[in-house]
Amino acid sequence: MVAGTVLRARGVDVSLGGRRILAAVDLTVRPGEVVALLGANGSGKSTLVRAALGVVPTSAGEIRLFDQPLASAPWRRIGYVPQRIPAVTGVPTTACEVVRAGLLSGHRLRRGTRAQAVAALDAMGMAALAHRPVQEMSGGQQQRVLIARALVREPDLLVLDEPTTGIDLGTIETFVATIDRMRRAGTAVVVVLHETESFAAMLDRAVVLRHGRVVHDGPPPPARAEHARPEHEHAHPHPVEPDGVLGDLVGGGDA
Amino acid sequence: MIEMLTSPLMQRALVAAVLVGATAPVVGTFLVQRRLALLGDGIGHIALTGVATGWLVGALVGLTPADALALPGAMLVAVLGAVGIEWVRARGRITGDVAMAILFYGGIAGGVLLIKVAGGTSANLMSYLFGSIATVSTTDVGWTVALAGLVLAVGLGLRGALFAVSHDEEFARASGLPVGLLTSVLAALAALTVTVAMRVVGLLLVSALMIVPVATAQVVARSFARTMALASAIGAAVSVVGLVVTYWQDLPPGAVIVVLAIVVYAVTTAVQHRRHRPDPTVDPHPDLDDDVRVEQEA
């Protein structure tokens, strides 16, 4: 293999609370690729990204990030937007403070500067609220803060777990534009989605999970009619090179 | 007043009170953020076994006074117990609250048992349960300065990382932060704070000094950093005022300090509530466009 991989999971099993959530899952993401993880509720999408980032333990299989095992992964190059907004506690915390936590990674425990955090918030249209407590923000605004926390590292791999849930359409457009800019600059993206619509234009591949197994790994579901119209600007017209993982997919017309 | 400040006993007590009052809320802010507000209380219970263990060892090797090892014993057992709670919690084998309950009651029972074995009585434990700042010795002040300095240095030095794990443990894990190590450090800091504060407010009221100033600060502050700074100031202030009150009135200092802290909390909450009645005519999101336009009645 010539180029390295950004994320590589092989034969991953995850059991939580005595239940097998993932069974022998393979997932490979190459530099600059945008991969959607699709599947019904409970199919294991979130568990797969959480296992890939070391949040939940695996019971079998191997995970490598940037060709390194988890123990020595280059965490600085990875940005993660969790699905759930952490339970808001009573201690007031500004958006800026939350985003600065994103500058810590691995054994790097210094928080960087306030200016870096404000710049990341600005990319999400949140600079004006940088010093407002997140407790006073709406769900959508909090979600944008979490996205800024992932972007502040300028990651080479962005992992998003249902990032558009609870966000209004205008913000989704800004967000998708930001992601698209990062993708063009070479950032790989793994995004857990319920429906591919807002990301359809830039997806290179879709991986569909069902009952903890991969049932499809190949082209994303076709974009809806309006995306095919000539006046619709495609951020990313066609999938990538026809080698490698794209080879073995065509059988799974699942999505 | 001058007389009070020139009394060596009062000087020692004031130093201990300021340090403990300022340090405890720093750790407390992280604990509140982690929703572990009662951890300090539990560690206080466990520390009782430590006090008695120190006493027992002191008696066995024939030290005078017999409680010379009470503070080191409390420190050691409290740190082990706190890190143990964190370990059990992280493994998720049994639910955190049940694990804590077992450790806490075990801590009290162990303390009462061991003190008896050491030839003392439960009454000997009273000064640890309710504090005895009036009997603070120069050695005690030395311990307090050293431990409070250590807790502040680690707590403030690692505040970015401790904030990250306290705020969102999942994100901290996905960032490759040493989450287990950091939560253990926080538990150990809480345990050290408990043993430092033991002499001032007593093991039963330790948690109050860690948590109540934070509860007060978060009513008015608008950021984590401000909450911590304000809580620390409130903690130091109520500790000093409480101590001064007991110089003139024969009252138990620990209880006075905690009651003061709660009064400050109640007044702050009441004032804030009055000042910030929500105005129903204000749009909470003036910067956002309406994304639903009502064209006509359906």
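Some observations on this one:
- About its Cα centre, the stretch A:79-154 has a charge dipole of approximately 240 debye under the convention of +1 per Lys or Arg Cβ and -1 per Asp or Glu Cβ, with nothing else charged.
- Distance from the stretch A:169-195 to the stretch A:34-112 (C-alpha centre basis), Å: 17
- Charge dipole of chain B about the Cα centre (unit charges at C-beta), most positive-ward option of B:TRP248, B:VAL98, B:THR53: B:THR53
- Taking amide H as placed 1.01 Å from N in the peptide plane, A:HIS216 has its amide H under 5 Å from the amide H of A:VAL208, each at least 5 places away in sequence or on another chain.
- In order along the stretch A:24-37, the phi-based Karplus estimate (6.51 cos²θ - 1.76 cosθ + 1.60, θ = phi - 60°) of 3J(HN,Hα) comes to 6, 8, 10, 8, 10, 10, 9, x, x, 7, 10, 10, 9, 9 Hz; Gly and Pro are listed as x.
- Relative contact order (%) - criterion: Cα under 8 Å, at least six apart; region: chain B: 29
- Buried surface for the B/A pair, taken as the accessible area of each chain alone minus that of the pair with a 1.4 Å probe, is close to 2900 Å² in total.
- The stretch A:79-154, accessible surface, carbon-and-sulfur percent (1.4 angstrom probe): 49
- Per atom type, the stretch B:7-114 shows carbon and sulfur on 74% of its accessible surface, probed at 1.4 Å.
- Cβ charges +1 (Lys, Arg) and -1 (Asp, Glu), total dipole of the protein assembly as shown, debye: 1620
- Take the stretch A:172-216 with all the other protein chains still there, run a 1.4 Å probe, and you get 39 Å² of accessible area per residue.
- Residues in the stretch A:130-147 carry Karplus couplings, in order, of 4, 9, 8, x, 5, 4, 8, 9, 6, x, x, 5, 4, 4, 5, 5, 5, 5 Hz; the curve used is 6.51 cos²θ - 1.76 cosθ + 1.60 with θ = phi - 60°, and Gly or Pro positions show x.
- Per residue, the solvent-accessible area of the stretch A:50-152 (1.4 Å probe, heavy atoms of protein chains only, all protein chains present) comes to 38 Å².
- Highest-fluctuation residue, B:GLY40, B:GLY142, B:GLY176 considered, GNM on chain B with Cα pairs under 10 Å: B:GLY176
- When the alpha carbon gyration tensor of the protein assembly as shown is reduced to an equivalent ellipsoid, the three semi-axes, largest first, read 53, 28, 18 Å.
- If R0 is taken as 60 Å, the Cβ-Cβ distance between A:SER59 and B:VAL263 corresponds to a FRET efficiency of 0.65.
- Applying a DSSP loop filter and a limit of 16 other Cβ atoms within 10 Å to the trypsin sites (Lys or Arg not before Pro) in the stretch B:153-261 leaves B:ARG222.
- Peptide-level mean, for A:53-59, of C-beta atoms on other protein chains within 10 Å: 3
- Amide proton proximity set for B:ALA221, modelled H, under 5 Å, gap of 5+: none
- The modelled label-to-label distance for the pair B:SER137/A:SER138, using points 7 Å beyond Cα in the direction of Cβ, is 6.4 nm.
- Taken one residue at a time, the phi angles of the stretch A:203-216 give Karplus couplings (6.51, -1.76, 1.60, θ = phi - 60°) of 6, 8, 8, 10, 10, 10, 9, 9, 6, x, 10, 7, 10, 7 Hz. Gly and Pro are set to x.
The values are calculated or read from the model by the stated rules, or taken from the named source; none is laboratory data. Note that the coordinates shown come from a computational prediction; the quantities given were computed from them, not determined experimentally. Because the Cβ atoms are built from the backbone with ideal geometry, glycine has one as well, and the counts that use them run over all protein chains shown. To get the accessible areas, we keep the full protein, side chains included, count just its heavy atoms, and leave off ligands, DNA and RNA. Shrake-Rupley method; radii C 1.70, N 1.55, O 1.52, S 1.80 Å.
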